[in-house]
Each structure stands twice: as C-alpha cells, then as structure tokens.
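The values are calculated or read from the model by the stated rules, or taken from the named source; none is laboratory data. Given the structure is predicted, the values throughout are model-derived calculations rather than measurements. Counting neighbours? That spans all protein chains shown, and the Cβs are built from the backbone with ideal geometry, glycine included. Only protein heavy atoms, including side chains, enter the accessible area calculation; ligands, DNA and RNA are left aside. Shrake-Rupley method; radii C 1.70, N 1.55, O 1.52, S 1.80 Å.
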Amino acid sequence: MANSGGGVILIGLNNDGTPSGATVNSVLEIDPAIVTDKINRYTGCQFTEYEIRGCQKGEQQVVAIAVGEVSIPLVFQQPGTYPVQGGRQKTAFSKGTVYFRHGAKSEPGTTEDFRRTIERHLDAVRREWLQGVRKVVQAPPGAQVTVLPPEVVQSTSPSATPIRITDDPNALEYRIVDPDRAYPYRLTELVQETNRRLPRGVEINKHDIMSVRGVYHIDERREFICKLRFSSPLYSNAFVDWLIEHYLEDNDFFISARRRYRERDF
C-alpha cells in the first residue's frame, strides 16, 4: 500500500462497509514500534509513515490504519512464511519481490507500477519547485532571496548565522529541530540563570516568573516560551534577555509584576 501511494486499512467492517461486530480493542493496543520492527525485519527499512486510529461507524468502534507513501518502493529482503496445517510452511511473499496494490489485491509489481511510482515522485518534486518559484515571484521589491541547503540545522557554533524566533506570520520560516536547544530552561533553571545575570544582591523566585507570565501574557509569545503537551513549559534565552532588560530599565519591574498579578491588574 505504501508502494502504491498510501491508503487506509479499515478493521471492524465487512467488505460492503457495514460493521462486522468484531472487537478491535486488541488492534488499538498494538505498539506502533512493533509494526515498524516487523517491517524492518523483512524490508530493511524503518518505515514509520502510518498511524493507528480509533474511529466510529454508527455505534460500532472500528480501527483505521492510515498508511503513507514512499518515494522508493519497499523491497522484501527476507521471505515471509507462516505455518499451515500438517506442519508445512506457506510463503506469503518471496525475497526480492516488490508488491503493489492492484484493486483489492497485493501483487508483485509491474513496469507500469514502477512508472507510476516515478511519476508520483516527479510530481512531488515539481510541486516543491513551483512553490519555490512562486515565493520568488511574489517577493516584494527589494527582497533578498536566500537559498539554504537541506543540511542547514541548528548550531551552537559561534560562527553560525544568528536568527530571531518570531510569531510574525509574514516572517521567513525556520523549523525548530530541537526545542530543548531553542528553549533550554525549565522554570527552576530559568530562575537560576536570571539570578545569575541580575545585579549582585537582586534575586527573584518562581512566583516572580509566574507573575510576569500572567501580567505580560508571556504564554502568547512563542519566542519566549514553548508549551509542551506532556511536560512543563520551556523558556528561551530571549526571555532571560527580556527580563534583564526590563529590570535594568525599572528596578521595581518584578515588584510591580507581583502586585499586579496579586490584584489581577492586567
């Protein structure tokens, strides 16, 4: 299915689309890592472009396995066999075969299958090129176009080009590869780093940070904070710079934030 451009496998339905009544809880409990390992065992590829989702068909719970596509077809490197009655082994697929979907069947690939695979890949490349050309054509007068190779990643090297993280929707895009590097501080570490950089004798605590967050709506500023789904927020060096800058401009900055937060004056 991945070789053929992706698709969806539905479990819990009959061939005509009606609920089968079968219990699908065991499928939902499957660890996706196990599926990836089994695919790797037979193909030598760590294929992860799939998702197991629970769905509803009327009152019946079903499972949808959404399968993505691959640009290079997966080839079986090991034969797939399973035992049948009488102690014999039956072969589901042989080493060196490449399977594609033909209607409702999975069958060894043909020249036409490979031609379609190449065409899908070329179409994706063309779309990417056209998007790039469109950005250049639509760029405002005086804009400077910068071409970055795909190996450009975050770096802590002093010679790396500095950037600023912004929530401006019109700004050039940069994908954050590792939030832990862009937002290196948890709350305790943020307090420690801020106290280290404040003038001698000045010290803040976690409540000061929470007050500033509330009063100045820091949670809406993505250059300052990264709110993770299953963990506590992370904070950036830019937020530390911002805190220090505001304190140096107003030595009552944290005192005022605490008072306003306590009185909910914001």
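Of all residues in region 238-261, which are farther than 22 Å from Gly201 by Cβ and in contact with a helix residue (DSSP H, G or I) (Cβ under 8 Å, 6 or more places away or on another chain)? Can you show your working first?
First pass over region 238-261, keeping only residues farther than 22 Å from Gly201 by Cβ: 238-239, 260-261.
Result: Phe239, Arg260, Tyr261.
Can you give me the number of residues within region 160-179 that are farther than 14 Å from Ile225 by Cβ and either modelled with pLDDT of 90 or more or among the charged types (D, E, K, R) (or both)? Looking only at that region, the number is 5. For region 240-266: of the residues being over 18 Å from Leu187 (Cβ atoms) and aliphatic (A, V, I, L, M), which is least open to solvent (accessible area, probe 1.4 Å)? Step by step, filter region 240-266, then rank; the result is Ile255.
Yes/no matrix, rows are residues, columns are (1) touching a strand residue (DSSP E or B) at 6+ places or on another chain (Cβ under 6 Å); (2) assigned to a helix (DSSP H, G or I); (3) open to solvent by less than 50 Å² (accessible area, probe 1.4 Å); (4) not polar (S, T, N, Q):
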position	(1), (2), (3), (4)
Lys38	no, yes, no, yes
Cys45	no, no, yes, yes
Cys55	yes, no, yes, yes
Val63	yes, no, yes, yes
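Scanning region 199-222 for residues that are assigned to a helix (DSSP H, G or I), under 13 Å from Tyr247 (Cβ atoms) and acidic (Asp, Glu) yields a count of 1.
Looking for something at pLDDT 80 or above and small (Gly, Ala, Ser) - is there at least one such residue anywhere in region 141-158? Working first, answer last.
From region 141-158, those at pLDDT 80 or above are none; that's our starting set.
Within region 141-158, not a single residue is at pLDDT 80 or above and small (Gly, Ala, Ser).
Restricting region 68-92 to residues that are under 18 Å from Arg41 (Cβ atoms) and touching a residue at least 24 places away in the same chain (Cβ under 8 Å) leaves a set whose member that is surrounded by the most Cβ atoms within 10 Å (Cβ to Cβ) is Val70. Summed over region 103-138, residues that are free of Cβ contacts under 8 Å to residues at least 60 places away in the same chain and either in contact with a helix residue (DSSP H, G or I) (Cβ under 8 Å, 6 or more places away or on another chain) or assigned to a loop (DSSP other than H, G, I, E, B) (or both) total 3.
The residues of region 107-126 that are open to solvent by less than 60 Å² (accessible area, probe 1.4 Å) and at pLDDT 90 or above, listed by number, are Gly109, Asp113, Thr117.
Filtered by the rule that a residue be β-branched (Val, Ile, Thr) and surrounded by 14 or more Cβ atoms within 10 Å (Cβ to Cβ), region 7-32 gives Ile11, Val24, Val27. Cβ separations smaller than 6 Å between residues 6+ apart or across chains give the following pairs from region 32-54 residues that are within 12 Å of Leu74 (Cβ to Cβ) to residues that are of a type in the set (Gly, Ala, Ser) and not in a strand (DSSP E or B): Glu49/Gly68. Taken over region 196-224, the criterion of being open to solvent by less than 40 Å² (accessible area, probe 1.4 Å) and not β-branched (Val, Ile, Thr) is satisfied by Leu198, Asp208, Ser211, Arg213, Gly214, Glu223, Phe224. Among the residues here, Arg196 qualifies as modelled with pLDDT of 65 or more and outside any loop (DSSP other than H, G, I, E, B).
Restricted to region 228-239, and to residues there that are free of Cβ contacts under 8 Å to residues at least 60 places away in the same chain and not in a loop (DSSP other than H, G, I, E, B), the residue that is nearest to Leu190 (Cα to Cα) is Tyr235.
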